[in-house]
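The next block holds one structure in the form of structure tokens; read it before the comments.
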Amino acid sequence: MNAGRNSFTIKKMSMRKRGAVNESDVQLAKAAKAIIIAFNVRPMPTAKDMAEKDEIEIKQYSVIYQAIDD
């Protein structure tokens with residue numbers, strides 16, 4: 001299959017947990033080449049710094065429908 005300029009691949013990975021986004025979450029996202037989606041939690045400062053350094057996107061939402069609209 002010839003990939004065009006507008007082609008992309010979607011990989012699905014799901015993990016649910018309680019609590020702030022931490023360094024382990026960032027390491028997992030990096031290994032999986034994924035983004036982190038967080039609801040009603042903030043990343044720990046060290047996790048935020050690690051995510052920025054490793055170019056891992058952390059999306060934060062208050063409610064799930066905001067993520068759907070994004």
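The values are calculated or read from the model by the stated rules, or taken from the named source; none is laboratory data. What you see is a predicted model; the values in this text were computed from it and never measured. Here the Cβ positions follow ideal geometry from the backbone for every residue, glycine too, while neighbour counts run over all protein chains shown. Ligands, DNA and RNA are excluded from the accessible area calculation, which covers all protein heavy atoms including side chains. Shrake-Rupley method; radii C 1.70, N 1.55, O 1.52, S 1.80 Å.
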Simple label model, 7 Å out from Cα along Cβ direction - Glu52 to Ala32, nm: 2.4 nm
Estimated inter-spin distance, Asn22 and Phe39, nm [label 7 Å along Cα→Cβ]: 2.1 nm
Sum of side-chain charges, Met44 neighbourhood, beta-carbon under 12 Å (Lys, Arg +1; Asp, Glu -1): -1
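For Met44, Met50, write out the residues from largest to smallest accessible area, computed with a 1.4 angstrom probe and no ligands counted. Kindly include the intermediate steps, with their values, before the conclusion.
Details: Met44 80, Met50 50 Å².
The most accessible residue leads, giving Met44, Met50.
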